[in-house]
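The values are calculated or read from the model by the stated rules, or taken from the named source; none is laboratory data. Bear in mind that the values here come from a model prediction, so they are computed numbers and not experimental data. Positions of Cβ are backbone-derived with ideal geometry, glycine not excepted, and every protein chain shown enters the neighbour counts.
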4 protein chains.
Amino acid sequence: MNLHNRQIAIWILAASTLGTVLSITPTQAQGWKMPPDNERCPSKWGAADQRGAGNMMTANNVLRATRLIRTGEVFELGDILSPDPKETFINRGRTYAITTKLSIAIPNKRVENEEIITTELGQIGTQIDAFAHQMWGDSFYNCFKQKDIATRTGFKKLGVENIGMLMSRGVMIDVAALKGVDRLEGGYVITPDDLQQALEKERMKIEPGDIVVINTGWGQLLGKDNPKYEKTSPGIGEAAGQWLVTQQPMMVAADNCCVEVRPSVPGTSLPVHAMMLIQNGIYLLENLRLEKLATSHAYEFAFIVQPLKLKGATGSNVAPVAIR
Amino acid sequence: MNLHNRQIAIWILAASTLGTVLSITPTQAQGWKMPPDNERCPSKWGAADQRGAGNMMTANNVLRATRLIRTGEVFELGDILSPDPKETFINRGRTYAITTKLSIAIPNKRVENEEIITTELGQIGTQIDAFAHQMWGDSFYNCFKQKDIATRTGFKKLGVENIGMLMSRGVMIDVAALKGVDRLEGGYVITPDDLQQALEKERMKIEPGDIVVINTGWGQLLGKDNPKYEKTSPGIGEAAGQWLVTQQPMMVAADNCCVEVRPSVPGTSLPVHAMMLIQNGIYLLENLRLEKLATSHAYEFAFIVQPLKLKGATGSNVAPVAIR
Amino acid sequence: MNLHNRQIAIWILAASTLGTVLSITPTQAQGWKMPPDNERCPSKWGAADQRGAGNMMTANNVLRATRLIRTGEVFELGDILSPDPKETFINRGRTYAITTKLSIAIPNKRVENEEIITTELGQIGTQIDAFAHQMWGDSFYNCFKQKDIATRTGFKKLGVENIGMLMSRGVMIDVAALKGVDRLEGGYVITPDDLQQALEKERMKIEPGDIVVINTGWGQLLGKDNPKYEKTSPGIGEAAGQWLVTQQPMMVAADNCCVEVRPSVPGTSLPVHAMMLIQNGIYLLENLRLEKLATSHAYEFAFIVQPLKLKGATGSNVAPVAIR
Amino acid sequence: MNLHNRQIAIWILAASTLGTVLSITPTQAQGWKMPPDNERCPSKWGAADQRGAGNMMTANNVLRATRLIRTGEVFELGDILSPDPKETFINRGRTYAITTKLSIAIPNKRVENEEIITTELGQIGTQIDAFAHQMWGDSFYNCFKQKDIATRTGFKKLGVENIGMLMSRGVMIDVAALKGVDRLEGGYVITPDDLQQALEKERMKIEPGDIVVINTGWGQLLGKDNPKYEKTSPGIGEAAGQWLVTQQPMMVAADNCCVEVRPSVPGTSLPVHAMMLIQNGIYLLENLRLEKLATSHAYEFAFIVQPLKLKGATGSNVAPVAIR
């Protein structure tokens, strides 16, 4: 354990002891710092690695997930992408334009229709973040550098096409239920304690390689009040992020934009994104629909997500499922 | 059995008896006709149905597929979407434009990249066809009419968002292996006999609800000789299509553009598309990469595909897998 | 003069006599009807004609306009297209997405940037309507039919590439000034009387081939209150449209969305569009910035507009000027 | 005259004396170098200037051009943008996708069509380059820096919206005619001597503020052999570029991709782009159709071009004209 990690471990211990009252304090704001390149690279999966926690997608892991499929019940977790901005949340500054390529009918003949779509396909709706999405300075996961991997038509490394299907044990941590609410407040910082208490209540434990699904209830606003959904959200703070890293998940997912709390602690900008995607090679999955999973108390399941193979892209819209 | 179906049954019998020599004959060209609306509607799943064979996606069906996952071995069947037309096959008249939304690096700060993509997202690369893709005259699956369901930004009915994940038993029918070749010839018409003999050789049977995966070897051209890949292809003919319909699959998939043979029989235009998507509500999945599945002699597996939930779209690019 | 035209002439006479009080009355609502195909086709410019009033763009007409350039003062009449929806009015259901294709700087080397833009380029911002934009039933200007000229990638006839530069005498009719206001009210119906009185006040007459520019003041809302700008607008009513047709302009332009009043008379939908573009082959030019022209009392000028040569498109964003 | 300029002047003198034999020599390859920032900035139009030679677009300049309009004859110089890549030249790596937003006809009702277009609108077809198009290292015209002006949705400075209509005296220099050919060879380097001799033959002189139009004949390949058109082209070399700079044109235009010769001198990359757009603030206009201008021996005319007001864009597709 190097000095940096020891400091984090001590800090996490302190944070756990002090509990949720810590959630927005100067101490926390300084709780996490991006280590310099030479402390975080090469990745534990090797200097050339582009898959990070995706390396845990082994055959055994698939079997571990398969054993959780007992009734065949499927939960669709993806949100619909609609051209109507009232129906579908589109982040400010992004677009989703769909135009039908309509054929004119010809009697007794087969004709076909298509549609052309323009969108930030990797970063829209229910979507997985690939490592090309985030840089610290000019440095990505595993210290790939922007000038070496960026092109005007995608990235030469770390693109979403490297991920492949992720199928793993999924564990839902229902923090809203722990707090006895349908929906946490916007800006609420989920703490390590919140996660641990919710898991205890659910009699669940996170295992390495799991896909952690955090229910905040915020996703109930999707398609109902998109402006409110976008403005802020409850989500994990830096400390909860740090604790999750120690649990070695393959991916962290949530029913909000960004998994982590918004607004970020003053002086920081989506630090959990940096911690997960750049420092630790752990994927994020955003804007899930978890209502049915939550009301069904489905805490453990096979989680399956198939990112599109968009060469060099920073992410992919997806339609993941939980099956139990 | 109405008159129309009896004629087909007799014709199929004849075709089976006569075998492969029949493959391009005037008789075959007249083998299939789209029945009038009142003979094909309402669909057997009800007058309001929009899911067709997707209705077979029950919990039991999921369990049936799950039981085939024994080693956890995953076969990725989706092709990569690259901006380089040499790497990725893009149908003539379609486009795939990806532009990196690059951030300029700021020292010691997190910044993010995205990309904007313009494409016929439902009809590009490895893709599933939804029922909105095809009309006969102005009439779709279950006799929905163009003027009632078409808009300039998608279809009100039969869009790909109605499909959801399809997870079912998959059966690969390796016609190339049956014929002792790596790759069937462009224009080769796969017959009912070919399918049945290949299944026999593999000791497989199609069960209702299966996803039928036909290996022609043509997909080996993907990214190697895209112009040749596009120009023609081997694939099922009308008779093989008719026989498959009697087997009640959920979907028919192949490693070519269009599942069915190209060029179509003179005087017809992709008749199997019409037969499957309009008349019978059976999905098609195109442009698969089946090389590894074929060399692994993986004939039976769990097949999983997650179409994007693009409201009103005619299909979706996908990244399906087979797991055994 | 056929019966239809005689009726119009009589009706216009009545309208002129009765004056502005007529502006919203049942009589007016019934004032204009689209004549059947055989009464409006072939166009007076011939059965194959695709240019309508653009045929008046002769060398003599260019010289007529050139003679009005006396000081070299240029008025830029086009609005800026910005990605910020507060700055630029984008009609509901349309999009304007611009993404910089940024190059990463290389010391002491030349590199270049571009941008990719997705938009309804023919129908966005300051824009000219081509005849392919409008149909009555399935019938366009000069009775071209949709099934004959529509494709999924543009129109075979009547596309904006047929127009070419329009350079003609421009006449501004300042109705806002006539009424002594900066800006007419939303929904205000400009009458034939309004136009004639304003022209009289300005000591101007419309000549055949002119580009008529109507100042309503509504354009002052552009970039200041786009939602209000979009919701309604002052503009010419059916009667004023009819009177303008008798003046034989090449184009009618205004500082509002649609040239004509919105909302349309109940039971009708943008009738002046139909009257001008379908029936009479007269171009429309929308969303102009006329502030400086109005405050400069520039009533007569050379008007120049260069539509892009987008094959088969329904219009073009443009950056027209007035020069005097 | 600073040292740098004196060197150029001497060098140009030498080049003129030595004549065309100089055209591809090591000396020439080293003939032009981008001066360091402090030698080329601030621009002669001031440290905040964004318009460069566009500042010569004065009322007097408009009148100077207007006086050349004698017959009203219009030459359309823009190429059509077609979705068919055989008809329209689209640079490799760029796209032009047009999709009709077709309405379904409703009897006796007005309906409308639009189209959505995705393209590098500033850098496609006949197009004008704005200063945001080119950087040397991270430095633009007038030493604006990339990190200060680039955004993911356009540039804060130097965008094409700053140009406005350019109307000026146009002078065609017909180098193909000088050489007695329809079309110069691909790769032919036009020299200062070529330009001067052609002007002499035409009895023309360049005046400050002119728009210089160079006819190479290469544009005859547009829509006939686009691959050949793209691969190389005749065009001005560094020396001719340098000489043109001394003539103080507002813009340099040509019937090829890039105005300048391709391939560039080994070791350089489009140096005339850097010289004109970055160092000297002179606009470039590419891919013109000059056939009719050339066969009409129209050497002097009013040149008018209206770039779209695309905020922050690097250029604009345009439809310019010459009028005499």
field: Selection from the range A:246-280 of residues that are within 18 Å of A:PRO307 (Cα to Cα) and either surrounded by fewer than 24 Cβ atoms within 10 Å (Cβ to Cβ) or of a type in the set (Lys, Arg) (or both)
entry: A:CYS257, A:CYS258
- prompt: Pick from the range A:127-139 the residues that are within 21 Å of the chain's Cα centre (by Cα) and more than 25 Å from C:ILE116 (Cα to Cα): which of them is farthest from the other protein chains (Cβ to nearest Cβ)?
  reply: A:SER139
statement: A careful count of residues in the range A:207-245 that are closer than 25 Å to A:LYS33 by Cα, surrounded by fewer than 23 Cβ atoms within 10 Å (Cβ to Cβ) and free of Cβ contacts under 8 Å to residues at least 60 places away in the same chain gives 2
- line: The one condition B:CYS257 fails out of (1) over 30 Å from A:ARG64 (Cβ atoms); (2) more than 10 Å from chain A (Cβ to nearest Cβ); (3) without any contact (Cβ under 8 Å) to a residue 40 or more places away in the chain is (3)
field: Residue check, A:ILE116 within 16 Å of the chain's Cα centre (by Cα) and of a type in the set (A, V, I, L, M)
entry: no
- request: Could you check how many residues of the range C:107-123 are free of Cβ contacts under 8 Å to residues at least 60 places away in the same chain, touching a helix residue (DSSP H, G or I) at 6+ places or on another chain (Cβ under 8 Å) and more than 18 Å from A:GLY93 (Cα to Cα)?
  value: 4
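On the given criteria, is B:VAL212 away from chain A (no Cβ under 13 Å), farther than 16 Å from B:ASN287 by Cα and at pLDDT 95 or above?
No; evaluated as a whole, the condition is false for this residue.
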- prompt: What single numbered condition from (1) assigned to a helix (DSSP H, G or I); (2) within 26 Å of A:ASN142 (Cα to Cα); (3) touching an Asp or Glu at 6+ places or on another chain (Cβ under 7 Å); (4) more than 10 Å from chain B (Cβ to nearest Cβ) fails to hold for A:LEU244?
  reply: (3)
query: If D:GLN146 passes every condition in (1) touching a residue at least 12 places away in the same chain (Cβ under 8 Å); (2) facing chain C (nearest Cβ under 7 Å); (3) touching a Phe, Trp or Tyr at 6+ places or on another chain (Cβ under 8 Å) but one, which one does it miss?
result: (1)
query: Just checking, which of D:LEU288, D:LEU293, D:LEU284, D:LEU277 is modelled with pLDDT of 95 or more and in contact with a Ser or Thr (Cβ under 7 Å, 6 or more places away or on another chain)?
result: D:LEU288
- request: Output the number of the condition that A:ASP79 fails; it satisfies all remaining conditions of (1) assigned to a strand (DSSP E or B); (2) closer than 30 Å to A:MET204 by Cα; (3) charged (D, E, K, R).
  value: (1)
field: Flag for B:MET34 being within 24 Å of B:GLY237 (Cα to Cα), within 10 Å of chain A (Cβ to nearest Cβ) and surrounded by 18 or more Cβ atoms within 10 Å (Cβ to Cβ)
entry: yes
- prompt: Looking at the range A:103-123, which of the residues that are among the aliphatic types (A, V, I, L, M) and buried (at least 24 other Cβ atoms within 10 Å of the Cβ) is farthest from B:LEU277 (Cα to Cα)?
  reply: A:LEU121
query: Checking A:GLU73 against (1) at pLDDT below 55; (2) surrounded by 15 or more Cβ atoms within 10 Å (Cβ to Cβ), which single condition isn't satisfied?
result: (1)
- prompt: Just to be sure, is B:GLY78 buried (at least 23 other Cβ atoms within 10 Å of the Cβ) and in contact with a strand residue (DSSP E or B) (Cβ under 6 Å, 6 or more places away or on another chain)?
  reply: no
- request: Determine whether the range D:225-234 contains at least one residue that is in a strand (DSSP E or B), at pLDDT 95 or above and over 30 Å from D:LEU63 (Cβ atoms).
  value: yes
- prompt: Only one residue in C:SER233, C:SER168 is within 14 Å of chain D (Cβ to nearest Cβ) and closer than 22 Å to C:ASN256 by Cα, so which one is that?
  reply: C:SER168
- request: Scan the range C:76-90 and report the pairs whose first residue is under 14 Å from C:ASN317 (Cβ atoms) and whose second residue is surrounded by 20 or more Cβ atoms within 10 Å (Cβ to Cβ) and among the aromatic types (Phe, Trp, Tyr), with Cβ atoms within less than 6 Å and a gap of 6+ or a chain change.
  value: C:PHE89/C:TYR229; C:ILE90/C:TYR96
- prompt: When you scan the range A:49-68, how many residues do you find that are of a type in the set (Gly, Ala, Ser) and within 7 Å of another protein chain (Cβ to nearest Cβ)?
  reply: 1
Matching entry among D:THR71, D:THR99 (being facing chain C (nearest Cβ under 8 Å), over 22 Å from the mean Cα position of the chain (by Cα) and assigned to a strand (DSSP E or B)): D:THR99
statement: The strands (runs of 3 or more DSSP E) lying wholly within the range C:271-324 that contain at least 1 residues that are facing chain D (nearest Cβ under 7 Å) and out of contact with any helix residue (DSSP H, G or I) (no Cβ under 9 Å at 6 or more places or on another chain) are C:321-323
- prompt: Taking the stated definitions as given, is D:ARG92 at pLDDT below 95 and away from chain C (no Cβ under 12 Å)?
  reply: yes
query: Across the range B:150-160, which residue is nearest to D:GLU115 (Cα to Cα) among those that are surrounded by 24 or more Cβ atoms within 10 Å (Cβ to Cβ) and not aromatic (Phe, Trp, Tyr)?
result: B:GLY154
- prompt: What number of residues in the range B:74-89 are over 21 Å from the mean Cα position of the chain (by Cα) and within 11 Å of chain A (Cβ to nearest Cβ)?
  reply: 4
